[in-house]
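First the structure, in the form of structure tokens, and then the observations on it.
The values are calculated or read from the model by the stated rules, or taken from the named source; none is laboratory data. Since the model is a prediction, treat every value here as computed from it, not as a measurement. Note: ideal-geometry Cβ built from the backbone for every residue, glycine included; neighbour counts use all protein chains shown.
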Amino acid sequence: MIRERLADRTTQEIKAEINQLKANLALLHSELKAIEQSCHHQFKGNTYYETCIKCDKVHTLYY
Ligand SMILES: [Zn+2]
């Protein structure tokens, strides 16, 4: 019975949920960006990349 109910989810419902999650993701990304932009970075790392010890932003030195 429960399985049948799960299968009843329409593609529209699933798509709506995906869109909701996407909106949530976009919000989280902009939040992260805001933190990174207001951070007075303090990078620590090796010759290939550095990571800010405050906000975790990664700074690649060699590509
Ligand atoms: Zn930082």
Item checked: Output for the stretch 35-63, where each listed residue is within 12 Å of the ligand (Cβ to nearest atom) and among the β-branched types (Val, Ile, Thr) -> Ile35, Thr51, Ile53, Val58
Margin query: If the requirement is being at pLDDT below 95, outside any strand (DSSP E or B) and within 12 Å of the ligand (Cβ to nearest atom), which of these qualifies: Leu6, Leu32?
Written below: Leu32
Note to self: So Gln20 ticks every box in (1) polar (S, T, N, Q); (2) modelled with pLDDT under 95; (3) in a helix (DSSP H, G or I) but one. Which box is left unticked?
What the structure shows: (2)
